[in-house]
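This report concerns only the one structure given below.
Quick note: the coordinates plus some simple rules give every number you see, no bench work behind them. Everything numeric here is computed off the predicted structure, so don't read it as measured data. Quick reminder, even Gly has a Cβ in these numbers, built from the backbone with ideal geometry, and neighbours come from all protein chains shown.
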Amino acid sequence: MNSLKLSVAGAILLAATNTIASAETTGPNGETATPTSVVVVSDEHVEAVKAMGYSAALLWHDQSDFVNAVTAGASDEFGRLGIEVVAVTSAGFDAAKQRSDIETAMTKEPDIILSLPLDPVTSAAAFEEAKEAGVALSFLSNLPSGYEHPADYAAIVTDDLFQMGKQAADALAASMGNEGSVGWVYHDATYYVTNQRDNAFKTTIENDYPNISIVAEQGISDPARAEEIANAMLLKNPDIGGIYVTWAGPAEGVLAALRANGNDTTKIVTLDLSEPIALDMVRGGNVAAIVADEAYELGRAMAASAVLDLLGKDVPAFVVAPAITVTADNVVEGWNTSLHIDAPSSLTSN
């Protein structure tokens, strides 16, 4: 999920997070996960919702294929329900810009706001006017400090974080014949999204693959250091069979290191779709698989959760979308399932 770019920008750091992987995904405050498939505005409510004349604002953190897919999922759901989208904005990872976007959107009196709060502390104040006005708030992956469910927001919607890490471990193990040594490049920051994904990978390898050993561990906060980190890892472990990388940005640096070392055998598995990483994968290079979220489904569920909140229905506090493993064999289908767009032509012409 491109929420990882937020971590790169230093925009999101959540404190008091349990980074020990469990057998399931939990929310930033330990909330139990509910699958997005449960959060549905049924057909019997469509006409009633249309009659209310609701409107919505989509106030995003950035512009990307990921955000476009979330927007498409939300917009399609709002279209089904006759809800007008009155604003779509991008804060460019700037918390002050996000606050300005909220203030501007509120002049249009939306009934619903979908957003990813860029910073828990500053976002708490930024969304206060909307909260006090009774706007149904559905948040992507993050939560303003002090906000309580269900009084202050409809839901947090994010990825099935444990499954993303587990599927990454399963894919890397399969590419290595379920034996050998691996390196673990994890996100060196306190952020529950990446922490759960990374630790789920490690836990799965340790618990499910007795013939695979994690021989090197290195945290990373700056993707620009990925190639340097990988070179050091390879120097100490020249026969390493695979490397897990916390997301696709730094995975590009790890791939560059393998290529510079003439290494065409060490496998890479990472998270979140990336054309350069996928291109190496479809060409039979080092990349074995990419695990992605269903971004379009995230948007649909965010929209549905907000509408259900307006209808006075019970909405789960923490909702997660499925994870999918994308390989060279299913890259076209995987791209469409995740982002609801065609895979780049570079990936289909090889």
Measure nothing but the geometry: give the 0 to 90° angle between the long axis through the Cα atoms of 65-80 and the longest principal axis through the Cα atoms of the chain, rounded to 10°. 30 degrees
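Could you give the semi-axes, largest first, of the ellipsoid that matches region 42-177, computed as the square roots of 5 times the alpha carbon gyration tensor eigenvalues and rounded to whole Å?
On the way: eigenvalues 164, 82, 43 Å².
Rounded to whole Å, the semi-axes are 29, 20, 15.
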Listing Ile112, Ile341, Ile212 by rising number of other beta-carbon atoms within 10 angstrom, fewest first, gives Ile341, Ile212, Ile112
How many percent of DSSP beta bridges within the chain run antiparallel, rounded to 5? 10 percent
Put in order of increasing Cβ neighbours within 10 Å, starting from the fewest, Met106, Met176, Met52 give Met52, Met106, Met176
Of the residues Asp293, Asp43, Asp239, which exhibits the maximal mean-square fluctuation in a Gaussian network model of the chain defined by a 10 Å Cα contact cut-off? Asp43
For the chain, set up a GNM with springs between Cα atoms under 10 Å and report which of Ser42, Ser181, Ser338 has the largest fluctuation. Ser42
Taking the chain and dividing mean pair separation by its residue count, relative contact order in percent (alpha carbons under 8 Å, at least six apart): 23 percent
Can you tell me which lysines have their Cα less than 19 Å from the Cα of Lys131? Leave out same-chain residues fewer than eight positions away. Lys97, Lys108, Lys313
To the nearest 10 degrees, the tilt of helix 295-310 (Cα long axis) against the first principal axis of the alpha carbons of the chain is 30 degrees
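Extension gain Lys313-Asp222, at 0.36 nm per residue separation less the Cα-Cα distance, in nm?
28.5 nm
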Using alpha carbon positions and the Kirkwood radius, the Rg to Rh ratio of the chain is 0.99
Hull volume per residue for region 44-110, using the convex hull of the C-alpha atoms, in Å³ is 70 Å³
Taking H as built 1.01 Å from N, whose amide H comes closer than 5 Å to the amide H of Asp159, not counting residues under 5 places away? Ala321
Enumerate the lysines that Lys236 could reach by cross-link, defined here as Cα to Cα under 24 Å, with residues fewer than 8 away along the same chain left out. Lys202, Lys267
Which order do Glu297, Glu333 fall in if you start with the one that has the fewest other Cβ atoms within 10 Å? Glu333, Glu297
Can you tell me how much longer the chain between Asp94 and Ser181 gets when fully stretched, taken as 0.36 nm per residue apart minus their C-alpha distance, in nm with one decimal? 27.3 nm
Could you compute Rg(Cα) / (2.2 N^0.38 Å) for region 167-291, with N its residue count? 0.93
Nearest 10 degrees, 0 to 90: what angle lies between the long axis of helix 248-260 and the longest principal axis of the chain (Cα atoms)? 20 degrees
Thr348 versus Thr107, label points 7 Å from Cα toward the beta carbon: distance in nm? 4.2 nm
